[in-house]
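Colleague: Here it is: the structure, laid out below.
Values quoted throughout were computed directly from the atomic coordinates according to the rules given, and no laboratory measurement underlies them. From a predicted model like this one, the values you see are computed outputs, not experimental measurements. Positions of Cβ are backbone-derived with ideal geometry, glycine not excepted, and every protein chain shown enters the neighbour counts.
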Amino acid sequence: MANIILFDTDARDHLLPLTATRPMGELRVGILTLREKWERRLSGTVSYITQEYLQEKYPIHIGEENLIINGGVIPNDALCKSIESLGLNEALLLEGELIAARLNEAQFELLLGEEEVHALQGIELDSSASVVKINRLWELTRMNEQALRDDFSLLTSGRKSTPVSHTNQIVGPLENLFLEEGVSMEYCTLNLNAGPIYIGAGTEVMEGCMLRGPIAIGENCILKMGAKIYGPTTFGPGCRAGGEITRSIFMANANKAHDGYLGDSVLGEWCNLGADTNNSNLKNNYSEVKLWDYVSERFEKSGQQFVGLIMGDHSKCAINTMFNTGTVVGVFANIYGAGFPRNFIPDFSWGGPDGYRTYKFQDACETAELVMSRRKQTFTELDKAILYHIYDQTARFRSWDK
């Protein structure tokens with residue numbers, strides 16, 4: 001079994017707040033996380049070279065022979081074939097950037113810290129090589145459709161779906177539908193013409209839901225009655241969804257269980273959107289959307305016309321919250337009040353358009369413990385230490401504390 005080590009790149013800082021609580025390899029695009037894709041495609045197990053404050057939760061495992069891979073790269077058949085053909089001390093480069101290398105335990109020391117490649121025998125990939133890397137937040141939803149189709153093929157090839165109930169109306173080729181064991185779904189409409197629909201084990205799709213592929217629904221999710229889901233959309237494990245959702249990604253254990261609109265958005269884990277929360281994903285003048293960047297500490301052009309809400313882990317908003325186009329919400333924000341909140345809401349913010357204060361760290365931890373316990377998960381001391389690092393490092397963005 002291959003020993004795979006995914007390393008964070010400088011792009012990690014541009015992917016905040018989603019990467020504040022996880023390595024790049026734990027980002028979800030398509031059905032699977034990047035880690036899960038590599039493990040399946042290369043028949044191996046993944047560990048990480050990541051930020052020091054994350055390393056204990058995501059420890060590195062060094063074997064006698066190691067595949068070192070850029071953590072922001074989405075694997076595909078051609079790239080995996082090139083990686084598997086690498087000899088010891090060989091590296092794949094794209095315009096000088098390290099994509100992958102095969103190293104023994106001694107050679108691995110060359111890469112620790114600086115990811116130096118000068119001592120390796122570099123193989124430069126052709127510039128036309130199909131290497132897809134995640135570098136910016138808005139790319140997640142833009143890349144989701146192809147990733148979802150690829151993952152559908154990866155997960156379902158040679159397997160047979162569990163039967164779909166006759167009460168459901170299926171439009172399009174049935175081979176584009178795959179249900180894992182334990183799916184409950186009655187009296188729903190599924191349109192498979194635009195792309196596949198994958199539904200994970202133990203998921204309940206309540207009556208009246210309308211799904212237009214490509215869509216991925218992870219295990220143990222619940223889609224509430226009458227939900228309208230447009231693809232490409234992904235729900236990671238343990239999510240709750242309702243209302244109208246289009247071109248969005250829920251990492252895992254996130255809730256938008258009520259009416260309201262969410263489009264071109266990415267929600268981290270343990271987020272909760274109150275009833276009738278809505279977001280804008282298109283500016284009134286149809287112009288390019290700018291998005292907050294934690295590196296430059298200003299709003300940067302995205303080159304995109306459709307960008308919605310980006311929300312870090314454990315953030316929540318009250319009923320009837322309205323988010324403007326291209327809003328970035330940090331980790332552990334609690335948002336409420338009439339009117340539109342600002343387009344960048346710092347980590348550990350508490351408030352809304354009428355003003356903010358800092359979400360007290362201990363109060364935030366107590367909430368996290370309660371929320372996670374409802375899903376039978378434990379908020380650990382290690383989780384607490386990670387969140388305190390984020391709390392401390394993002395204090396400069398909470399201007400009201402100055």
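Colleague: Based only on Cα atoms, what mean projected area does the convex hull of region 139-348 have, in nm²?
Modeller: Quarter of the Cα hull surface area: 11.2 nm².
Colleague: Given the pairs 256/384; 133/283; 228/316; 81/133, which are separated by over 20 angstrom at their Cα positions?
Modeller: 256/384; 133/283; 228/316
Colleague: Using all C-alpha to C-alpha distances in region 133-236, build P(r) with 10 Å bins and read off the rounded percent in each one.
Modeller: 16, 52, 26, 5, 0
Colleague: A further question on this structure: Starting from the Kirkwood radius over alpha-carbon pairs of region 304-402, derive D by Stokes-Einstein at 4 °C in a medium of 1.567 mPa s and give it in µm² s⁻¹.
Modeller: 92 µm²/s
Colleague: Here's something else I'd like to know. How long is the gain from residue 167 to residue 388 if the chain were fully straight, where each residue apart is worth 0.36 nm and the alpha carbon distance is subtracted?
Modeller: 74.6 nm
Colleague: As a check on your grasp of the helix formula, calculate [θ] at 222 nm for the chain: sum -39500 (n - 2.57) over DSSP H runs of n ≥ 4, divide by the residue count, round to the nearest 500.
Modeller: Estimated from H runs of four or more residues: -5500 deg cm²/dmol.
Colleague: Which number do you get for Rg(Cα) / (2.2 N^0.38 Å) in region 248-297?
Modeller: That works out to 1.33 for region 248-297.
Colleague: A further question on this structure: Identify, among 171, 306, 21, the residue whose Cα sits farthest towards the positive end of the charge dipole of the chain, taking +1 on the Cβ of Lys and Arg and -1 on the Cβ of Asp and Glu, with the dipole about the Cα centre.
Modeller: 171
Colleague: Sticking with this structure for a sec: On the first, second and third principal axes, largest extent first, how far apart are the outermost C-alpha atoms of the chain in Å?
Modeller: The Cα atoms of the chain stretch 61, 58, 45 Å along their principal axes.
Colleague: Follow-up question, since we're still on this one. Within 10 Å, count the other beta carbons around each residue, average over each peptide in 290-302, 25-37, and list them highest first.
Modeller: Result, highest mean first: 25-37, 290-302.
Colleague: Turning to a different aspect of this structure: Return the inverse of the average 1/r over all pairs of distinct C-alpha atoms in region 50-99, which is the Kirkwood hydrodynamic radius, in Å to one decimal.
Modeller: 12.8 Å
Colleague: Please report, ordered by residue number, every helix of the chain (full DSSP H runs) that is 15 Å or longer along its axis going by C-alpha atoms and whose mean Kyte-Doolittle hydropathy reaches 1.0.
Modeller: Helix filter hits for the chain: none.
Colleague: Now, a different point. Can you compute the FRET efficiency between residue 395 and residue 207 using 1/(1 + (r/R0)^6), with r the Cβ-Cβ distance and R0 = 56 Å? Round to the nearest 0.05.
Modeller: Plugging the Cβ-Cβ distance into 1/(1 + (r/R0)^6) gives 0.75.
Colleague: Got the relative contact order for region 299-402 handy, in percent, Cα pairs under 8 Å and 6 or more residues apart?
Modeller: Over region 299-402, the number comes to 18 percent.
Colleague: How much FRET efficiency would the formula 1/(1 + (r/R0)^6) give for residue 193 and residue 124, where r is the Cβ-Cβ distance and R0 is 56 Å, rounded to 0.05?
Modeller: 0.85
Colleague: Relative to 2.2 N^0.38 Å, what does the C-alpha radius of gyration of region 2-133 come to as a ratio? Two decimals please.
Modeller: 0.97
Colleague: A further question on this structure: FRET efficiency for residue 340 and residue 55, Cβ-Cβ distance as r, R0 = 41 Å, nearest 0.05?
Modeller: In this case the efficiency is close to 0.60.
Colleague: Further question on the same structure: Which one, 60, 130, 104, projects farthest toward the positive side of the charge dipole computed for region 2-133 from Cβ point charges (K/R +1, D/E -1)?
Modeller: My answer, from the dipole projection, is 130.
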